[in-house]
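K.L.:
Before we start, here is the structure in question, set down as structure tokens.
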Amino acid sequence: MAAQTNDMATATMEEGTLETAKKLGLREEEYGRIKEILGRTPNFTELGIYSAMWSEHCSYKNSITLLKTLPRKGPRVLAEAGQENAGLIDIGDGWACAFKIESHNHPSAIEPYQGAATGVGGINRDIFTMGARPIAQLNSLRFGDVANTASSRWHMRGVVKGIGDYGNAFGVPVLGGEVYFDPCYTTNPLVNAMSVGIVRTDKVISAVSKGVGNPVYIVGSATGKDGIHGASFASKDITGSSVDDLPAVQVGDPFMEKLLLEASLELANTDAIIGMQDMGAAGITCSTSEMSEKGGCGMDINLDLVPLRQADMQPWEILLSESQERMLVVVKKGREKEVEAIFEKWDLHCVPIGTVTEGNELRFFWHGGLVAQVPADSLVLGGGAPVYTREQKEPASFKENKKFRTDMVPVPENLEQVAFELLASPNIASKRWVSEQYDTMVRTLNMGTNAPSDAGLVLLRETGGKKGLAVTVDCNARYVNADPYTGTMIAVCEAARNIVCSGGEPAGVTNCLNFGNPYDPEVYWQFAQAIKGMSEACIEIKTPVTGGNVSFYNQSLIDGREEAVFPTPTIGMVGIVEDVDRRMTLAFQAKGHLIFLIGKVTDDIASSEYLVKHHNVHSSPAPYFNLKEEHVVHVVLSHLIKRGLITAAHDVSDGGLWTTLVEMAMPNELGFDVVTDSEVRPDAFLFGEGQGRVVVTLTEDQEEGFLDLMRMSKVPFILLGHVTKGKLMVDDEPFGFIQDAKAIYEGAIPAIMEEN
């Protein structure tokens, strides 16, 4: 046994060669830089450390320059983007909201269930390591053509079950989300998970290490061989051999995480700790380096003390394992027993594995020997990690998209048939097959169960009043693919529109930026344009970016051909509802209520679901959008809600006005009788997805106040018609009954998912 241990130690200390560095995903110039930093050739373990920390997933080396151009400051922002485990905004009354969205795309591509489950676990840990209790979850999911592709149905079943099983057991409600389908996501589905929590502003825990001699603890689960090199796996294309990387996918335990949550929140109520950080990507390596760099100190870590699941783990495996439900905690010296007692109560590991040291060196020991020594700041973003700006090239398709005009396609003879076909499209149809697998009512704070709204609404019972949060995730990637600049502005504005339609005030943004390979100039151009659009929209809407995640390499090498997903900059947004009694529903309330459309009506059908599905036209620009006009609509709508001048509000988005009206009619099984604008093509009026529009309803008693405010605002608006008992009428022509529309809308995806 001694001989075997010596052999393992020798392998660990072997010189890390350039060939090995390349196999680990490092570039030749990066290998040279590592040698300069260390003043020597790294050993194998040190090379593994740098390969993980300098991976795209951890270092943001190809995105950080552009990310720094996003607006990061605002009156409510308590933690600047990237400084803590999650974004943090002031929501008043001594409380803060911690929120973040992250991707788990590559793991979900090869093992959908665990890939999605551990994505949920990881994002929730980012919230409660700050001392915040998670109160809401959301997710944004993208799959291939589930109607015609069995592998996409397999992805969808596994991902949804993984999210449901983990989240339901953990005990946080899913309040919202989105699911989109396109063939570009067939090999590389996207799984973006968002978590929202609240914390007292004086109880926030920082991800920092300081105080020479303070003990460093690992708490939670034991460390195993799952998830090793997960960060590196997330930083390369999906290929035909990616299934060989299955060990890079972590395995989650939601019941362990629930215990860890309660222990962490109990710990947050003491003043016994200096800092705490989740062990996500790159495991012990990441948490030790980032906490040390932030505090301007070093650490000595004894890997022999780390609780292990397997007895034969080598140092590099222990350092790079991404086993779930683990955290690193720096404890105030002399308070060890107090901390240990909390974790003992919850039956969790709480083991001192090292101490805080002077200087900036991380030293890792194993079997009495020093197996790795690296400067903490050389590993992290903003320190020694490389930073690049890649070549950009505008794709030829961008100019081609601009050539499309609405008059290139005919108006269908049977609009009713088209309307019902649209309701059956998976991108438009009800996602209840997904949402019914999630617990939406745990903690009983979901305010949208009986009165659905455009954003998820959660009551903040802890604040002692009637305050709530409105939360949403949004992105139409087809728009972004057509025009990344405009499409990303639309994503920000749609999120804000959903918040406002629900009665909230947009407060902050987190983003999950899903793109292809950054070394592809066309992909990098898309990324740069998206960042530019996001920045301008967030400045206009006054929603600073509090953090998020960049997921590059969502690009598949299939039969020697590179295929990237649509550029998908998912926007997670949080808004504040000062009085939940004044929240707004999207549902028609009663027969006879007047239906108005607020916002500019155009002949635009660009990038619409109608254009793609009915006319099979895939090349067109993003739909009509004007940032200033959009923002004014938000302001006016907010005043209408606050003054009690409307009874329902729902934004016009995917599927156009027709889909909006049907979705408003279904909750209470009411109908509508509306008239189209004679100056606009009827298909564009019903199915076009021009932005900056909202449908509202009001009573006759509210009409005078509504008209006064609208005329004063100078925002365009038209009377569409009125709410009926259940019949659907367009231009005096019957379009069936709401029960017919509802059956098609709700039955489409279950019918597809019944296929083997």
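K.L.:
Sort Asp604, Asp740, Asp202 by heavy-atom solvent-accessible area, probe 1.4 angstrom, most to least.
P.N.:
Asp202, Asp740, Asp604
K.L.:
Sticking with this structure for a sec: Taking the simple approach of a point 7 Å from Cα along Cα-to-Cβ for both Ala743 and Asn269, what is their distance in nm?
P.N.:
5.5
K.L.:
Right, something else. Would you mind computing, in nm to one decimal, how far apart the modelled labels at Glu394 and Arg309 are, each placed 7 Å from Cα along Cα→Cβ?
P.N.:
Each label point lies 7 Å from its Cα, and together they span 5.1 nm.
K.L.:
Provide the FRET efficiency to the nearest 0.05 for the Lys332-Gln83 pair, computing r from the beta carbons and using R0 = 22 Å.
P.N.:
Efficiency for this residue pair is about 0.55.
K.L.:
Note down the magnitude of the dipole of the range 31-165 about its Cα centre, charges +1 on Lys and Arg C-beta and -1 on Asp and Glu C-beta and zero elsewhere, to the nearest 20 debye.
P.N.:
With only Lys, Arg, Asp and Glu charged at Cβ, the dipole is about 200 debye.
K.L.:
Sticking with this one: Enumerate the whole-percent occupancy of each 10 Å bin, from 0 to the last occupied one, for all C-alpha pair distances of the range 424-501.
P.N.:
16, 37, 33, 13, 1
K.L.:
Accessible area per residue of the range 257-334 at 1.4 Å probe, in Å²?
P.N.:
27
K.L.:
With r as the distance between the Cβ atoms of Glu755 and Glu436 and R0 = 22 Å, compute the FRET efficiency 1/(1 + (r/R0)^6) and round to 0.05.
P.N.:
0.75
K.L.:
Here's a follow-up. Which lysines, on any chain, are close to Lys337 with Cα under 16 Å apart, when same-chain ones fewer than 8 places away are left out?
P.N.:
Lys345
K.L.:
Name the aspartates and glutamates eligible as straight-distance cross-link partners of Lys591: C-alpha to C-alpha under 16 Å, and not fewer than 8 places from it in the same chain.
P.N.:
The qualifying aspartates and glutamates are Glu663, Glu669, Asp673, Glu700, Asp701, Glu703.
K.L.:
Could you check the simple spin-label distance between Ala590 and Glu703, using points 7 Å along Cα→Cβ, in nm with one decimal?
P.N.:
Reported label-point gap for Ala590 and Glu703 is 1.5 nm.
K.L.:
Just how much of His155 is accessible, in Å², when a 1.4 Å probe is used and the result is rounded to the nearest 10?
P.N.:
Its accessible surface works out to 10 Å², give or take rounding.
K.L.:
A further question on this structure: Note down the accessible area of Thr463, probe 1.4 Å, to the nearest 10 Å².
P.N.:
30
K.L.:
So if I place +1 on the C-beta of Lys and Arg and -1 on the C-beta of Asp and Glu, and nothing else carries charge, what would the dipole magnitude of the chain be about its Cα centre? I want it in debye, nearest 20.
P.N.:
Dipole of the chain, to the nearest 20 debye: 1380 debye.
K.L.:
I'd like the Karplus ³J(HN,Hα) series for the range 47-53: coefficients 6.51, -1.76, 1.60, θ = phi - 60°, whole numbers in Hz, and an x wherever there's a Gly or Pro.
P.N.:
Karplus values, whole Hz, x for Gly and Pro: 5, x, 4, 5, 4, 6, 6.
K.L.:
I'd like to know how the range 247-346 sits against the 2.2 N^0.38 Å rule of thumb: what's its Cα Rg over that expected value?
P.N.:
Cα-based Rg divided by the globular estimate yields 1.11.
K.L.:
Next question. Treat every Asp and Glu Cβ in the range 649-700 as -1 and every Lys and Arg Cβ as +1, leave all other atoms uncharged, and give the resulting dipole magnitude about the Cα centre to the nearest 20 debye.
P.N.:
Computed charge dipole of the range 649-700: roughly 80 debye.
K.L.:
State the percent of C-alpha pairs, over all pairs in the range 615-756, separated by a distance greater than 21 angstrom.
P.N.:
The share of Cα pairs beyond 21 Å in the range 615-756 comes to 51 percent.
K.L.:
Which loop trypsin sites (Lys or Arg not before Pro) in the range 699-756, with loop taken from DSSP, have no more than 13 other Cβ atoms within 10 angstrom of their Cβ?
P.N.:
In loop regions of the range 699-756 (DSSP not H, G, I, E or B), the sparsely surrounded trypsin sites (Lys or Arg not before Pro) are Lys714, Lys725.
K.L.:
Right, something else. Which value in deg cm²/dmol, rounded to the nearest 500, describes the helix-derived mean residue ellipticity at 222 nm for the chain, given -39,500 (n - 2.57) per DSSP H run of n ≥ 4 and division by the residue count?
P.N.:
-11000 deg cm²/dmol
K.L.:
Hey, quick one: spin label on Val251, modelled 7 Å out along Cα-Cβ, who in the range 301-319 has an amide N within reach, i.e. under 12 Å?
P.N.:
Inside the label zone: 309-310.
K.L.:
Let me ask something additional. Leaving ligands, DNA and RNA out of it, work out the accessible area of Glu416 with a 1.4 Å probe and give it in Å² to the nearest 10.
P.N.:
Glu416 exposes around 70 Å² with every protein chain in place.
K.L.:
With a 1.4 Å probe and all protein chains left in place, how much of the accessible area of the chain comes from carbon and sulfur atoms, in whole percent?
P.N.:
Carbon and sulfur atoms account for 50 percent of the accessible area of the chain.
K.L.:
Rolling a 1.4 Å sphere over the protein heavy atoms, what is the accessible area per residue of the range 631-732, to the nearest Å²?
P.N.:
Normalised by residue count, the accessible surface of the range 631-732 is 37 Å².
K.L.:
Rank Ser607, Ser435 by accessible area, highest first, at a 1.4 Å probe radius?
P.N.:
Ser435, Ser607
K.L.:
On to the next question. With point charges of +1 on the Cβ of Lys and Arg and -1 on the Cβ of Asp and Glu, referenced to the Cα centre of the range 668-756, which listed residue (Asn668, Ser678, Pro734) lies farthest in the positive direction of the dipole?
P.N.:
In the range 668-756, that residue is Ser678.
K.L.:
How do Tyr50, Tyr553 stack up against each other in accessible area, from largest to smallest, with a 1.4 angstrom probe?
P.N.:
Per-residue accessible area, sorted high to low, gives Tyr553, Tyr50.
K.L.:
Return the loop-located GluC sites (Glu not before Pro) in the range 13-120 (DSSP other than H, G, I, E, B) with at most 15 other Cβ atoms within 10 Å of their own Cβ; answer none if there are none.
P.N.:
When the GluC sites (Glu not before Pro) of the range 13-120 are filtered for loop state and at most 15 Cβ neighbours within 10 Å, Glu14, Glu80 remain.
K.L.:
Sorted from largest down, what three extents in whole angstroms do the Cα atoms of the range 584-632 have along their principal axes?
P.N.:
Principal extents (Cα only, largest first): 40, 29, 19 Å.
K.L.:
If you don't mind, another one. Going down the list Lys23/Lys225; Lys399/Lys532; Lys61/Lys542, which pairs span over 21 Å between their C-alpha atoms?
P.N.:
Where the Cα-Cα span goes over 21 Å, the pairs concerned are Lys61/Lys542.
K.L.:
At R0 = 45 Å, how high is the FRET efficiency between Glu578 and Glu36 if r is their beta carbon distance? Nearest 0.05 is fine.
P.N.:
0.25
The values are calculated or read from the model by the stated rules, or taken from the named source; none is laboratory data. From a predicted model like this one, the values you see are computed outputs, not experimental measurements. So basically every Cβ, Gly included, is an ideal-geometry build from the backbone, and we count neighbours across all protein chains shown. Quick note on the areas: whole protein, heavy atoms, side chains included, nothing else; ligands and nucleic acids left out. Shrake-Rupley method; radii C 1.70, N 1.55, O 1.52, S 1.80 Å.
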